[in-house]
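The values are calculated or read from the model by the stated rules, or taken from the named source; none is laboratory data. Bear in mind the structure is a predicted one, so any value in this text is a computation, not a measurement. Counting neighbours? That spans all protein chains shown, and the Cβs are built from the backbone with ideal geometry, glycine included. Areas reflect the complete protein model, heavy atoms only, side chains present, ligands, DNA and RNA absent. Shrake-Rupley method; radii C 1.70, N 1.55, O 1.52, S 1.80 Å.
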Amino acid sequence: MANNELYLGIDVGSVSSNFILMDAKKNIIEKVYLKTMGKPIEVIQKGLEIIQTVVNGKKIFGVGTTGSGRLLASTIVGADIVKNEITAHAVASMLINPSVQTVIEIGGQDSKIIIIRNGIVVDFAMNTVCAAGTGSFLDRQATRLNIPIQDFGKLALKSNTKVRIAGRCAVFAESDMVHKQQMGYKFEDIIWGLCRALVRNYINNVAKGKEIKEPILFQGGVAANEGIKAAFEDHLNCKIIVPKYYDVMGAYGAALLAREKMKKLSLSTNFYGFDNICNGKYSTTSFECNGCSNMCEIVEIEYDGKILSRWGDKCGKWSMVDSFQKENVGR
Amino acid sequence: MQKTVGIPRALLYYNYYPLWKTFFEELGCSVILSEKTSKEIMNRGIEVTVDDVCLPIKIYHGHIRNLLMKDLDYIFIPRIVSIYKKEYICPKFSGLPDMIRCNINELPTIISPIIDWSKSRRELTKVIFTVGSIFTSNPYKIWSAYKKGINQLKIYKLLLKQGFMPEDAINILVNKKDLLTPDFNKGKYTVLLLGHSYNIYDNFINMNIVQKLRKMECNVITPEQLPTEKIEKEVEKLPKKIFWSMSKKLVGNYLHYIKTSEIQGIIYLVSFGCGPDSLIGELVWKWANKNGQLPFMFVTLDEHTGETGFNTRLEAFVDMIERRVNI
């Protein structure tokens, strides 16, 4: 029976959506990394379609969702646990490396630092008002310079001159890069300069004042960028570990948390089933409620013509539908 | 005919409303309060203010404009410079009536007494009578209105000390409800919520943080719950006097609670661009980091209405407390 158990972790982020399928022994059987492209529902359906092909008659025992789209994802798939990204990432990191003390996570629009001591999260921080240095900014620069994002990091490693790029703000960084290009600096030097600027920005803003101790795990989509990794190592003067599943650690954490909850409370899953989800017709609408001066923006999710969930209101007038959501949707 | 006085439900409303309301009502006025902060009020404030001011000031403008839709004879915008000797509050408060005059047209008569107790409180009586004589020439009536107002304020502060949120406390005062024992401190953990009153008590600005924390089984302690003597006792030990009254309160709270075992975490709410907090917040944060014993989190607030990022931080913070406590 235990061999039949599978757990699903879903991390719907601003830029990418990640899915992992985990067995009872916490091994990752399959991982799927897709671009969200602003269409979270379709991406969830697509991701699950891929996952379904490896399920092989086994059963889903629990589903966890995380990421900025965790609520939506949970509504669509029927999740058992909905967790914030910080906790999800921390849980996965501690499994991969039980002695981990620092987690650097840089995603599409968020960057975070998680400080762990003796197996518990003791501190964390996320970027506040500035998204400089996150994946979407790097993507944008790569597109502007017309280099595939995959080659970005490798190119940075070729540099052996330190060109200084302004790192305080994405707008400054971009204009500084343009100037340096016009002055004839070498491409790879500028890119290496950018990597270092982004790391500086991260250390000064996100990791401000935190004690960064080894072992350090670097995860999230940007961890694929060897240039940024090298710049971190250069700046901190220590080794940075990029875990094997660096890009799906959030989803992994969500699956682990789902497993933990289901085991502890011996519950059966809310999961709606692959066929129901993949073949279902979901649609969303949003509108501004005029009931009062709060003018809440309400989002409504429909499944096969039936209202699945609504949210966004402050008063509960619209989101009340949540309570009978389960009867409405076939399991 | 009865005169109407409008009071915006913003900024120091949370600290002094019972006094103001009672004072004007005792003088025969009817007091009209602006509606609760909403997106509409925020938008109307943003429309008329410069980009650089903090969100609470923008929202104050919105409340003034909300009041203008009502039939008012007067609008009450005190010019508060200093409340305690050798202390000040944020300069935006002393410029408030001017800011409103510049940014908003067609205002009714503004009542804006200058409250400046930085040197002494000698002027107090003068201020009371100047404002009071707009409505009556009877000095006894004015003085008694003030006394009654102060009484109400005392009860109000007692309610806050017990943990009631301002809206509830005002409700109890206005509707003369019996003093109920608070039934909200039943959570597993206790969090000290630091921040200016107009941020931690305005549920629109703070995205309902108190309710959210309570839902996650956290009790919430706010700076208004600690007696002034205890605050004074803590800040006396500092090498230099903190001359911002509101910031002093926050520092005193931090220093007091950090020594007790009453709290499991501290959340500091800051408005983006807040001047005093850019220094005091930094100071508290440095101490907290050095101390390292308690989870501490800064949350910066501005005009965004998307709550996901805010909820993520809050949930992660409570998770952190939970896992720490349960080890």
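Hey, does the stretch A:299-312 have a residue that's closer than 18 Å to B:PHE204 by Cβ, within 14 Å of chain B (Cβ to nearest Cβ), open to solvent by less than 90 Å² (accessible area, probe 1.4 Å) and at pLDDT below 80? Within the stretch A:299-312, one or more residues are closer than 18 Å to B:PHE204 by Cβ, within 14 Å of chain B (Cβ to nearest Cβ), open to solvent by less than 90 Å² (accessible area, probe 1.4 Å) and at pLDDT below 80. The set of residues from the stretch B:283-305 being within 9 Å of chain A (Cβ to nearest Cβ), closer than 18 Å to B:LEU55 by Cα and not in a strand (DSSP E or B) comprises B:ASP302, B:THR305. Looking only at the stretch A:187-231, residues that are of a type in the set (S, T, N, Q) and at positive phi come to 0 in all. Kindly indicate which of A:LYS229, A:LYS244, A:LYS264, A:LYS213 is at pLDDT 90 or above and either within 22 Å of A:GLU30 (Cα to Cα) or in the same structural domain as A:SER14 (by TED's automatic domain parsing) (or both). Of A:LYS229, A:LYS244, A:LYS264, A:LYS213, the one residue that is at pLDDT 90 or above and either within 22 Å of A:GLU30 (Cα to Cα) or in the same structural domain as A:SER14 (by TED's automatic domain parsing) (or both) is A:LYS244. Does B:GLU322 count as among the acidic types (Asp, Glu), open to solvent by 20 Å² or more (accessible area, probe 1.4 Å) and facing chain A (nearest Cβ under 10 Å)? Yes; evaluated as a whole, the condition is true for this residue.
Counting the residues of the stretch B:185-231 that are of a type in the set (Asp, Glu), more than 16 Å from B:LYS161 (Cα to Cα) and open to solvent by 40 Å² or more (accessible area, probe 1.4 Å) gives 1.
Residues in the stretch B:39-51 that are closer than 22 Å to B:LYS92 by Cβ and within 14 Å of another protein chain (Cβ to nearest Cβ) were compared, and the one that is surrounded by the fewest Cβ atoms within 10 Å (Cβ to Cβ) is B:ASP51. Might you let me know whether the stretch A:198-210 holds any residue that is modelled with pLDDT of 90 or more, closer than 26 Å to B:ASP319 by Cα and open to solvent by 50 Å² or more (accessible area, probe 1.4 Å)? Checking the stretch A:198-210: not a single residue is modelled with pLDDT of 90 or more, closer than 26 Å to B:ASP319 by Cα and open to solvent by 50 Å² or more (accessible area, probe 1.4 Å). In summary, strands (runs of 3 or more DSSP E) completely within the stretch B:1-111 and bearing 2 or more residues that are within 21 Å of A:SER293 (Cα to Cα) and in contact (Cβ under 8 Å) with a residue 40 or more places away in the chain occur at B:4-7. Only one entry of B:LYS36, B:LYS21 meets the criterion of being out of contact with any Phe, Trp or Tyr (no Cβ under 6 Å at 6 or more places or on another chain), within 24 Å of B:LEU159 (Cα to Cα) and within 14 Å of chain A (Cβ to nearest Cβ), and that entry is B:LYS36.
Residue count for the stretch B:249-282 under the criterion of being surrounded by fewer than 16 Cβ atoms within 10 Å (Cβ to Cβ), in a helix (DSSP H, G or I) and more than 12 Å from chain A (Cβ to nearest Cβ): the result is 3. When A:GLY184, A:GLY135, A:GLY167 are checked against the criterion of being in contact (Cβ under 8 Å) with a residue 40 or more places away in the chain and farther than 30 Å from B:GLY265 by Cα, a single residue qualifies: A:GLY135. Kindly indicate whether any position in the stretch A:134-141 is out of contact with any Ser or Thr (no Cβ under 9 Å at 6 or more places or on another chain), away from chain B (no Cβ under 14 Å) and either modelled with pLDDT under 80 or open to solvent by less than 10 Å² (accessible area, probe 1.4 Å) (or both). The answer is yes; a qualifying residue exists. Answer with yes or no whether A:LYS239 is out of contact with any Ser or Thr (no Cβ under 9 Å at 6 or more places or on another chain), open to solvent by 10 Å² or more (accessible area, probe 1.4 Å) and within 25 Å of A:GLY57 (Cα to Cα). In short, no.
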